[in-house]
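Enquirer: Starting off with a structure, shown below.
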Amino acid sequence: MAQKSHDKGAAGGVPAVTDPARIRNVVLVGHSGAGKTTLVEALLAASGTIDRPGSIADGTTVCDHDPAAVRQQRSVALSCAPLHHDGIKVNLLDTPGYADFVGELRAGLRAADAALFVVSAVDGMDAATAALWEECAAVDMPRAVAVARLDHPRADFDEAVALCQRVFGDNVVPLYLPMLGDDGESTAGLLGLITRRVFDYTAGLPAQVREPDPEHLPAIAESRDELIEGIIAESEDETLMDRYLGGEEIDPALLVEDLEKAVARGHFYPVVPVCAATGVGLDVLLEVLTAGFPSPPEHDLPPVTGVDGSPRPPLTCDPDGPLVAEVVKTTVDRHVGRVCVVRVFSGTLTLDRTVHIAGHGLAERGHPDHDADERVAHLYSPLGATLREVGVAVAGDICAITKSGSAETGDTISAKDDPLLIAPWEMPEPLLPVAVVAKTRSDEDALARNLARLVAGDPTMRLERNPETHQVVLWCMGEAHADVVLDRLRAGGVEVDTEPVRVPMRETLTAPARGHGRHVKQSGGHGQYAVCDIEVEPLPRGAGFDFVDRVVGGAVPHHYVPSVEKGVRAQMERGLVAGHPVVDLRVTLVDGRAHSVDSSDAAFQTAGALALRDAAEQGAPVVLEPIDEVTVRVPDGNVGAVMGDLSGRRGRVLGTEPDPDAEGRTLVRAEVPATGLLRYAVELRAMTAGTGTFHRRFLRFDSHPTP
């Protein structure tokens, strides 16, 4: 539940920032359980933003305020948590680590200017985190690594760093080393490699800085050389390396300056050991976030166009520039209404300003294109679910607006007199269908309302109302995503059940046939009389339906020929064998009879339907199932298992090829019946430890094997 607060600079508040250079937007990424949310809590407490850190087990953390997150004890949604350190506002964006919520992760990456990879010193990292590093590298996003959970008995900092260097590359280098306490097991402090100082946390935060003990010097010297060589290699001063190799002592201030530049450019990736439970490393991590990561004006902005698609000049992060902001997250709170978290890229968003809200390009996912002018009635700085009122949000900042009637995730907010459209971020395709049905008739209206709210806030979910199966199908990212969606529906007061997803099938005839339709009734008064003879022949798959009139001599009066066709089409919709629509036929009307009084449009419609049913008895009818073209992207080591699994789904593997976008990965192409793909999103993830992805598109209908 969103809570409103009117604090403006009191304890727990974030002072207003009007200079984009004094803002940092940092997204925390890493696998589920790495410690991202716990680290955010510790940073908020260390900076004085909150009085004390909350607990995931107790459901009291700032970021995991969603009821589903509390129940599952893991993040399921993007959350913003600003803090203030050394005159800099840092917007921390906590993202879910589970693959089902990749849409929330994408939104966090869009809103951020730098990424903090949180790696567990206990569990290492998963393959999805490694893939995400490559994505960030492709756009030169600045990155740093926090090795967390140092208080765990099985924590191994050295192994975690070695893993990062194997996966992320050689430019991942520690700035500090953990220092053990007197018990020889717990982490009591850090050894600063640039300054050669000890940061002692035995008395808590802030650390007591002192000279190292003699036993620390060898470890510092060995790791310091590697760090300094890495910094100098990225320095713009080409003489620095020669001076260093010549034995000159390089000024630590100069090293720090070069380090900050290299980190901001996305060319050097510092590693900081941290322990949220004891406070070790929190203050030095805050220094990396504020001094090492770039401000919004240093980061490239996404391109914009006019609402009509006309080209516009590139944006700059200028508070006096044209207003361009983007809704990166939308939730619907039962007390506050619609809450939109907004990243301001250009211009300044102010209270009572009338803005243009535009959303285009997601109609196929249940988000029709829309444009509206609305007044910004409320403007907040979000701290998790708490909304603290502010007067303005300048370029580079993240804020929240409420009670918008039309804003959805991914929408662009711009000036009313100069509406713009920001290029959308890449949105993953939902591939797990879940059919939902209201338990009672009274729940049907509430289900429709709540589905509209969910779709507005979650562009990774696609809503489909299938006219053939008459099912409401939610396409989700996976089982965990589906569970959260159903939880939110039920929390909205809807009693909802799930049912098996039905795949739309087709029917056709496989052999030529003749059909005779006779509809003659005499019941006193006006009767019914219509007779028609047809020839039916199958057409190639996808050819559709063709009706040919070859009647001679007026056996079927000309004005009744369309009635025969109408009856045939109606019977095709009803099906011939199993109630599925009939496709790919040519029906030729060759003969018939009519009565001058008793014949009618309705009678010839009935006769046409009867004739098609009669022809079906000799035409070898079959059921057709949809076949999808599937492209599976997997690591090379999983290719054999994936190909065997596709064959087990009655799929036909067409071939494999190296993935042009990622080394060590393979594309497997196949044709698979749609009935074999209903749960493939879940099963592929289990088969490939979360590293496999796939794309599907409808290809054709083909014969379903007889049981």
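The values are calculated or read from the model by the stated rules, or taken from the named source; none is laboratory data. Keep in mind that what you see is a predicted model, and the values were worked out from it rather than measured. Heads up, the Cβs are rebuilt from the backbone with ideal geometry, glycines too, and the neighbour counts pull from every protein chain shown. Areas reflect the complete protein model, heavy atoms only, side chains present, ligands, DNA and RNA absent. Shrake-Rupley method; radii C 1.70, N 1.55, O 1.52, S 1.80 Å.
Enquirer: Is the shape of segment 271-357 rounded, prolate or oblate, going by the alpha carbon gyration tensor and its root eigenvalues a ≥ b ≥ c, with a/c under 1.5 for rounded and a/b larger than b/c for prolate?
Expert: Because a/c hits 1.5 or more and a/b fails to exceed b/c, segment 271-357 counts as oblate.
Enquirer: Give the long-range amide H neighbours of ARG197: residues separated by 5 or more places, or on another chain, with amide H under 5 Å away, using H modelled in the peptide plane at 1.01 Å from N.
Expert: For ARG197, the qualifying residues are GLY192.
Enquirer: I've got another one for you. Could you give the length gained by full extension between GLU257 and ARG243, i.e. 0.36 nm per residue of separation minus their alpha carbon distance, to one decimal place?
Expert: Result: 3.4 nm gained on full extension.
Enquirer: Length gain on complete extension for the stretch LYS521 to GLU134, per 0.36 nm per residue less the alpha carbon to alpha carbon distance?
Expert: Difference between extended and current length: 131.8 nm.
Enquirer: Over 5 Å intervals from 0, what percent of Cα-Cα pairs in segment 190-246 sits in each interval?
Expert: All Cα pairs considered, the percentages come to 4, 18, 22, 18, 15, 12, 8, 4, 1.
Enquirer: What distance in nm separates the two pseudo spin-label positions at ASP661 and THR350, each 7 Å out from Cα along the beta-carbon direction?
Expert: 4.2 nm
Enquirer: Cα axis of helix 36-46 to longest principal axis of the chain: angle in degrees, 0 to 90, nearest 10?
Expert: 40 degrees
Enquirer: So, R0 is 22 Å and r is the distance between the beta-carbons of ALA203 and HIS152; what FRET efficiency does that work out to, to 0.05?
Expert: 0.45
Enquirer: I've got another one for you. For the chain, how many pairs of lysine residues have a Cα-Cα distance under 28 Å, where the two are 8 or more positions apart or belong to different chains?
Expert: Lysine pairs meeting both conditions in the chain amount to 19.
Enquirer: Right, something else. As an exercise, use a Förster radius of 41 Å and the Cβ-Cβ distance of GLU226 and GLU426 to find the FRET efficiency, rounded to the nearest 0.05.
Expert: 0.70
Enquirer: Oh, and also: For ARG649, project a label point 7 Å along Cα to C-beta. Then give me every residue of segment 655-679 with its amide nitrogen under 18 Å of that point.
Expert: 655-657, 666-679
Enquirer: Same structure again: For segment 118-171 and segment 369-409, write down the distance between their C-alpha centroids in whole Å.
Expert: Segment 118-171 and segment 369-409 have Cα centres separated by 34 Å.
Enquirer: Compute the accessible area per residue over the chain, keeping the other protein chains in place, probe 1.4 Å, unit Å².
Expert: 43 Å²
Enquirer: Two decimals is fine: what is log10 I(q)/I(0) at q = 0.14, 0.19 Å⁻¹ for segment 476-607, from a Debye sum with one equal scatterer on every Cα and no solvent?
Expert: -0.69, -1.04
Enquirer: Additional query: Ignoring ligands, DNA and RNA, what percent of the 1.4 Å accessible area of the chain is carbon and sulfur?
Expert: Ligands and nucleic acids excluded, carbon and sulfur reach 50 percent.
Enquirer: Compute the helix-to-body angle for 252-264: its Cα long axis versus the longest principal axis of the chain, expressed 0 to 90° and rounded to tens.
Expert: 10 degrees
Enquirer: Work the Kirkwood hydrodynamic radius out for segment 451-491: mean of 1/r over every pair of different alpha-carbon atoms, inverted, in Å.
Expert: For segment 451-491, the Kirkwood estimate is 10.7 Å.
Enquirer: Hey, another quick one. How many percent of Cα pairs in the chain exceed 35 Å?
Expert: Of all Cα-Cα pairs in the chain, 55 percent lie more than 35 Å apart.
Enquirer: Normalised by the empirical 2.2 N^0.38 Å for globular proteins, what value does the Cα Rg of segment 337-441 take?
Expert: The value comes to 1.22.
Enquirer: Let me ask you something else. Which residues' amide hydrogens lie under 5 Å from the amide hydrogen of TYR98, considering only partners 5 or more residues apart or on another chain, with H built in the peptide plane?
Expert: SER32
Enquirer: Can you report the principal axis dimensions of segment 537-682 using only the alpha carbons, biggest first, rounded to whole angstrom?
Expert: Answer, in whole Å and largest first: 77, 25, 22 Å.
Enquirer: For an R0 of 56 angstrom, estimate the FRET efficiency from the Cβ-Cβ distance between ALA21 and ARG679 and round to the nearest 0.05.
Expert: The value I calculate is 0.65.
Enquirer: Ok, one more. Can you give the direction-averaged projected area of the convex hull of the alpha-carbon atoms in segment 100-165, in nm²?
Expert: 4.9 nm²
Enquirer: Which ³J(HN,Hα) values, rounded to whole Hz and listed in residue order, are derived for segment 167-176 from phi using the Karplus coefficients 6.51, -1.76 and 1.60 in 6.51 cos²θ - 1.76 cosθ + 1.60 with θ = phi - 60°, glycine and proline given as x?
Expert: With coefficients 6.51, -1.76 and 1.60, one gets 8, 8, x, 6, 7, 8, 9, x, 8, 9 Hz.
Enquirer: If you don't mind, another one. Can you list, largest first and rounded to whole Å, the semi-axes you get for segment 197-335 by taking the square root of 5 times each eigenvalue of its Cα gyration tensor?
Expert: 40, 25, 11
Enquirer: Could you state the principal axis extents of the C-alpha atoms in segment 421-512, from the largest down, to the nearest angstrom?
Expert: Between the extreme Cα coordinates on each principal axis of segment 421-512 lie 54, 41, 26 Å.
Enquirer: Convert each backbone phi in segment 200-212 into a coupling constant with the Karplus relation 6.51 cos²θ - 1.76 cosθ + 1.60 (shift: θ = phi - 60°), then list the ³J(HN,Hα) values in order as whole Hz, x for Gly and Pro.
Expert: In residue order, the calculated couplings are 9, 10, 4, 9, x, 8, x, 5, 8, 9, 8, 6, x Hz.
Enquirer: Compute and list, largest first, the equivalent-ellipsoid semi-axes of segment 1-152 from the alpha carbon gyration tensor, each √(5λ) rounded to a whole angstrom.
Expert: 24, 19, 14
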